[in-house]
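Note sheet for the following structure.
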Amino acid sequence: MHTMSYADRLQSALTEPDRHLLRGAASIAARLNRPLYLVGGPVRDCLLGRPIVDFDLTVEGDAIDLARSIARELGGTLKTHERFGTARLALPGRSRTIDLAMTRTETYARPAALPDVLAGAIQDDMARRDFTINAMAIRLDGDYFGELIDPYHGEADLQHGMIRVLHARSFIDDPTRLFRAARFEQRFGFAVEAATLNLIPPALPVLDQVSGDRLRHEFELIFREDRPERALTRLHDWRVLRQIDHELIVDDQIRAKFQSRPAPFEPFACWVWLLGHCSPVALMHVTQRLNLLRDDAIDLEQVMALRDQQTLIGNAPSASALYHQLDYFGDRALQAATAAIDDERARANIDRYLRELREVKLSIDGTRLKALGLPEGPEVGRILTKLRDAVLDGTVSGPQQEEEYAQTLIAQVN
Ligand code: ATP
């Protein structure tokens with residue numbers, strides 16, 4: 001049990017400049033008679049004794065209006081979204097921004113649809129949230145500073161390490177909450193509470209109605225966690241991954257790939273580890289379903305092609321043969337492939353290509369070949385390739401031998 005008041009706990013979770021800032025915003029709200037709250041993630045983090053990293057504020061009534069008043073008095077620039085009634089305030093000389101929204105209530109026209117939003121009171125605003133631990137607010141304005149609004153007993157769930165939805169339709173209304181449940185559970189070392197776990201299977205089919213962009217975003221949020229494989233494993237256990245594609249799984253091998261690398265991870269590397277075992281058909285399905293970025297999809301395909309050719313690559317008979325095998329592939333795909341393929345010789349060969357072979361430079365170029373009597377045309381490229389092969393394989397070395405070999409090759413053409 002904590003003996004400190006919420007006001008004190010909030011104060012101690014803030015740095016001095018942030019304290020000053022919140023105080024400033026709160027006193028403007030108080031003067032205008034506008035109840036102002038810190039809501040969601042930052043309240044949860046504050047009660048967990050973690051530093052507050054983002055400032056989500058909500059106010060009853062018009063948020064843009066209040067944000068303008070705050071910007072006027074504290075300085076800073078405003079970005080407003082009239083359609084959502086939200087504002088983001090950037091303060092001079094600070095990397096921190098403040099998000100300000102109106103308290104609102106939501107209804108879902110159909111499962112997995114984006115919600116219809118209406119103005120509401122703070123309790124309604126809490127009711128639309130995902131989990132009890134994220135459905136708390138701390139009031140900031142005036143004498144109310146430090147009052148905790150906790151209609152769903154989120155504080156108790158924080159103490160017991162529980163992830164609990166607010167109502168039985170929660171996952172059906174918004175199946176992306178399945179991803180969020182896994183993410184928070186694993187980030188905090190919590191457990192999804194039993195009744196909430198029972199709500200997962202009936203929501204799985206609704207996942208099919210969630211857009212690719214929203215699903216991809218949830219994966220990418222997981223990739224940013226310290227140990228993404230843990231949340232991904234939960235999604236596997238809950239059959240969420242399977243619902244997206246039968247081949248999308250997390251097993252010991254995939255976990256080991258994540259574990260063998262130090263965080264933070266590149267999102268692309270995470271896709272490679274997660275999808276590295278997929279068949280070409282499944283890969284195509286997943287990249288389409290999750291609407292992966294075009295560049296990511298292309299590079300992933302290349303990684304898979306490298307994986308499928310690994311024996312060939314591992315057995316390359318010469319440096320020049322290896323060069324020709326790998327020449328077509330992009331940098332990022334080659335680098336990622338060294339983490340995705342098992343054949344050690346293939347990995348070593350890709351590494352050798354990246355570090356050594358593709359750095360090999362000829363002392364002769366097209367202009368020099370022309371000066372040696374070769375007419376312009378396709379032969380120029382062919383001869384340069386032959387020269388480079390010879391240099392790679394060590395049959396020719398040094399500018400003089402290159403020149404002699406070039407002359408021999410040109411003589412064969414003429
Ligand atoms: P993080 O530490 O990962 O940023 P957060 O709780 O701040 O966690 P956000 O995604 O920034 O997460 O969301 C802010 C708040 O909005 C959440 O705390 C939660 O109350 C609410 N929220 C976000 N996504 C949903 C959702 N899909 N359904 C219901 N409420 C949500």
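The values are calculated or read from the model by the stated rules, or taken from the named source; none is laboratory data. A quick note: this is a predicted structure, and the numbers were derived from the prediction, not measured. Backbone-built Cβ (ideal geometry, glycine too); neighbour counts: all protein chains shown. Heavy atoms of the whole protein, side chains included, go into the accessibility calculation; ligands, DNA and RNA do not. Shrake-Rupley method; radii C 1.70, N 1.55, O 1.52, S 1.80 Å.
Report, in order of residue number, the helices in the chain meeting two criteria: a C-alpha extent of 15 Å or more along the helix axis, and a mean Kyte-Doolittle hydropathy of at least -1.0; treat each whole DSSP H run as one helix.
Span-like helices here: 16-31, 63-74, 176-188, 212-223, 294-308, 378-393, 399-413.
By how many nm would the segment from Arg358 to Glu301 lengthen if fully extended, with 0.36 nm per residue of separation less the alpha-carbon distance? Walk me through the numbers before you get to the answer.
Working: separation 57, 0.36 × 57 = 20.52 nm, distance 2.16 nm.
Answer, rounded to one decimal: 18.4 nm.
Considering only DSSP states other than H, G, I, E and B, which chymotrypsin sites (Phe, Trp or Tyr not before Pro) in segment 282-380 qualify as loop sites with at most 10 other Cβ atoms within 10 Å?
Filter output for segment 282-380: Tyr328.
Could you bin all the Cα-Cα distances of segment 1-126 into 5 Å bins starting at 0 and give me the percent of pairs in each, rounded to whole numbers?
Calculated P(r), rounded to whole percents: 2, 10, 19, 22, 20, 14, 7, 4, 1.
Give me the accessible area per residue for the chain, probe 1.4 Å, as a whole number in Å².
49 Å²
Report, in debye and to the nearest 20, how large the dipole of the chain comes out about its Cα centre when Lys and Arg carry +1 and Asp and Glu carry -1 on their Cβ. All intermediate terms of the calculation are to be shown ahead of the outcome.
Details: 51 positive and 61 negative charges, 98 e Å.
Using Cβ point charges on Lys, Arg, Asp and Glu, the chain gives about 480 debye.
If each residue of separation counts as 0.36 nm, what is the full-extension length gain between His246 and Gln407 once their alpha-carbon separation is subtracted?
Taking 0.36 nm per residue and subtracting the Cα distance, the gain is 52.1 nm.
If R₀ is 51 angstrom, what is the calculated FRET efficiency for the pair Asp393 and Leu293, using the beta carbon separation as r and rounding to 0.05?
Calculated value: 0.85.
For segment 231-384, what is the relative contact order in percent, using Cα pairs closer than 8 Å and at least 6 residues apart in sequence? Spell out each step's value before the answer.
Numbers: 110 pairs, mean separation 27.5, N = 154.
Worked out over segment 231-384, it gives 18 percent.
Using the Cα centre as the reference, give the magnitude of the dipole from point charges on the C-beta atoms of segment 366-413 (Lys, Arg: +1; Asp, Glu: -1; all else neutral), rounded to the nearest 20 debye.
Computed charge dipole of segment 366-413: roughly 120 debye.
How large is Rg/Rh for segment 161-260, to two decimals, with Cα atoms and a Kirkwood Rh?
0.94
Using packing as a proxy for protection, rank 273-281, 393-401, 93-101 so that the peptide with the highest average count of other Cβ atoms within 10 Å comes first.
Packing order, densest peptide first, comes out as 273-281, 93-101, 393-401.
Once label points are set 7 Å from the Cα along Cα→Cβ at both Thr311 and Ala156, what is their separation, rounded to one decimal in nm?
Simple spin-label model gives 6.2 nm for this pair.
Towards the positive end of the charge dipole of the chain, with charges on Cβ (+1 Lys, Arg; -1 Asp, Glu), say which of Phe131, Val240, Ala25 has the farthest Cα.
Sorting the options by dipole projection puts first Ala25.
What would the Debye formula give as log10 I(q)/I(0) at q = 0.27 Å⁻¹ for the alpha-carbon point model of segment 294-359, no solvent?
For segment 294-359, the Cα-only Debye profile gives -1.23.
Would you kindly state how much longer the chain becomes between Ala339 and Phe84 on full extension, computed as 0.36 nm times their sequence separation minus their alpha carbon distance, in nm to one decimal?
Contour length minus Cα-Cα distance gives 87.5 nm.
222 nm [θ] for the chain, helices only, -39500 (n - 2.57) per DSSP H run of 4+, per residue, to 500? List each step's numbers first, then the result.
On the way: 24 runs with 223 residues, N = 414.
Mean residue ellipticity at 222 nm (helix-derived): -15500 deg cm²/dmol.
Taking the Cα-to-Cβ direction at Gln209 and at Gln259 and moving 7 Å from each Cα, how far apart do the two end points lie in nm?
Result: 3.9 nm between the two label points.
Under Stokes-Einstein, with the Kirkwood radius over Cα pairs standing in for Rh, what whole-number D in µm²/s applies to the chain at 37 °C and 0.692 mPa s?
129 µm²/s
Round to a whole number: what % of the accessible area of the chain belongs to carbon and sulfur, probe 1.4 Å?
Carbon and sulfur together cover 50 percent of it.
If you put +1 on each Lys and Arg Cβ and -1 on each Asp and Glu Cβ, how big is the dipole of segment 156-257 around its Cα centre, in Debye rounded to 20?
Values: 16 positive and 17 negative charges, 34 e Å.
That gives segment 156-257 a dipole magnitude of about 160 debye.
Counting only protein chains, not ligands or nucleic acids, how are Asp226, Asp45 ordered by accessible area (probe 1.4 Å), most first?
Largest to smallest exposure gives the sequence Asp226, Asp45.
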